[in-house]
Amino acid sequence: LVRNSKQANELRKCLEKLGSTVHLEQMVGGAYSLYAAGTVERMGGIHIFLTDDRDSAAYLVNDLYELLGEERVEFFSSGYKRSAAYGSEDAQGVVRRTSALNAITNFKKGFLAVCTYPEALAESVAERVELAELSLHLKVGQKLEQNTLVNWLMEHGFNRVDFVYEPGQYSVRGGLVDIFSYVESRPYRVDFFGDEVESLRRFDISSQLSAERLDEVEIIPNLMREAEAREQVSLARFAEGATWWLSDGDYALRKINDVRTKFLEQAESEEDLRSAQRRVTSRQILLKDWESSSLVVLKDNIKERRATQTITFDTTPQPAFN
């Protein structure tokens with residue numbers, strides 16, 4: 001019903017024109033998830049949803065999991081427990097963030113939905129071209145010295161442990177190298193025979209038993225750490241041409257500027273300030289990077305980017321009842 005509705009057809013038609021801004025009037029509650037999922041599925045391409053806070057983004061992710069499946073829905077979270085302004089890196093946040101960037105980089109066809117929030121969007125990312133260069137591809141039968149692999153892991157911030165149990169770790173036992181990539185739920189086991197990769201397998205952390213044989217794998221390092229020493233851009237620039245869905249655009253942009261201000265205040269020297277300016281984005285940068293993207297807004301409140309089209313929906317909040 002939703003996919004074939006008059007409003008959904010009108011919305012898809014509006015979004016075919018790049019750079020358009022569409023206001024969804026009287027769109028409330030769960031109807032947003034339904035219409036968004038129907039539009040994403042029919043249109044294809046990359047769609048990024050910017051909510052007001054982390055909890056809202058998490059709820060939307062759960063809705064889209066049910067409507068679109070978990071394989072094509074990503075959660076782009078902050079790499080910090082609160083935000084970049086307060087420090088304190090969050091390991092799980094780094095994993096989710098890296099997974100989302102990897103999904104965008106490797107997107108080829110179909111659709112991809114990414115949910116995020118202001119604190120996460122405020123943090124810049126490594127340029128897309130450089131991201132591809134940071135990963136390491138391994139294939140069965142590939143000529144590669146074990147020491148070369150271990151040196152690569154050390155250079156890219158992986159920690160050596162006896163047994164891997166979380167992303168960013170590796171272990172070496174004889175001709176076996178276990179690696180926990182930043183975008184995987186299970187680690188890889190690389191079996192060497194001399195200077196050749198003899199086999200690649202996923203394995204279970206608790207039992208240490210192999211679960212699946214693979215022909216090739218991709219090892220992704222901590223992209224937050226890698227980005228610090230490289231050219232950095234906003235997620236809008238990284239996912240150039242994506243369709244953006246904004247719950248409250250002006251509020252999100254003001255919140256991003258607040259994170260930037262607090263982060264820059266911590267700089268103690270000119271060099272620190274320049275580094276800080278690269279690591280966080282701003283309202284002006286995002287608006288510029290959104291020029292080639294279509295926006296879908298629930299509130300037409302971004303003064304620099306007013307709606308070019310309004311679509312009215314016949315939805316109202318569910319009343320309270322006992």
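The values are calculated or read from the model by the stated rules, or taken from the named source; none is laboratory data. If you're wondering where the values come from, they're calculated on a predicted model, not measured in any experiment. Here Cβ is always computed from backbone atoms with ideal geometry, including for glycine, and neighbour counts include all displayed protein chains. Keep in mind that these areas ignore ligands, DNA and RNA; they rest on the heavy atoms of the full protein, side chains included. Shrake-Rupley method; radii C 1.70, N 1.55, O 1.52, S 1.80 Å.
Okay, here's what the table says:
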quantity	calculated
Largest-first ordering by accessible area, 1.4 Å probe, given options D204, D215	D215, D204
Anisotropy class of the range 245-322 from Cα gyration tensor, a/c 1.5 cut	oblate
Accessible surface of the range 108-174, 1.4 Å probe, proportion on carbon and sulfur as whole %	49
Rounded, prolate or oblate (a/c below 1.5 giving rounded, otherwise prolate when a/b exceeds b/c) for the range 76-221 by Cα gyration tensor	prolate
Between helix 54-68 and the chain: long-axis angle, C-alpha atoms, 0 to 90°, nearest 10	90
Residue range of the chain that is longest and free of chymotrypsin sites (Phe, Trp or Tyr not before Pro) which are both DSSP loop and sparsely packed (at most 11 other C-beta within 10 Å)	1-162
Additional length obtainable on full extension of the chain from D191 to A91, 0.36 nm per residue less Cα span	33.3 nm
Cα centroid of the range 5-78 to Cα centroid of the range 245-288, whole Å	25
Over 23 Å between alpha carbons, listed pairs K255/K303; K81/K299; K17/K288	K81/K299
Backbone HN-Hα couplings from phi across the range 301-313 [Karplus 6.51/-1.76/1.60, Hz, Gly and Pro as x]	10, 8, 4, 7, 9, 6, 5, 9, 8, 10, 10, 9, 10
Given the chain, longest segment not containing exposed loop trypsin sites (Lys or Arg not before Pro) (DSSP; at most 12 other Cβ within 10 Å)	110-302
Karplus 3J(HN,Hα) series, Hz, for the range 246-260 with 6.51 cos²θ - 1.76 cosθ + 1.60 (x for Gly, Pro)	10, 6, 8, x, 5, 4, 4, 5, 5, 5, 5, 5, 5, 4, 4
For Cα extents along the principal axes in Å, calculated from these coordinates, the label among (1) 66, 52, 44; (2) 85, 58, 39; (3) 54, 44, 44	(1)
DSSP-assigned coil residues among GluC sites (Glu not before Pro) in the range 136-205, each with at most 14 further Cβ atoms within 10 Å	E145
Per-residue ³J(HN,Hα) for the range 272-281, Karplus 6.51 cos²θ - 1.76 cosθ + 1.60, θ = phi - 60°, Hz, x for Gly and Pro	5, 5, 5, 5, 5, 5, 6, 7, 10, 9
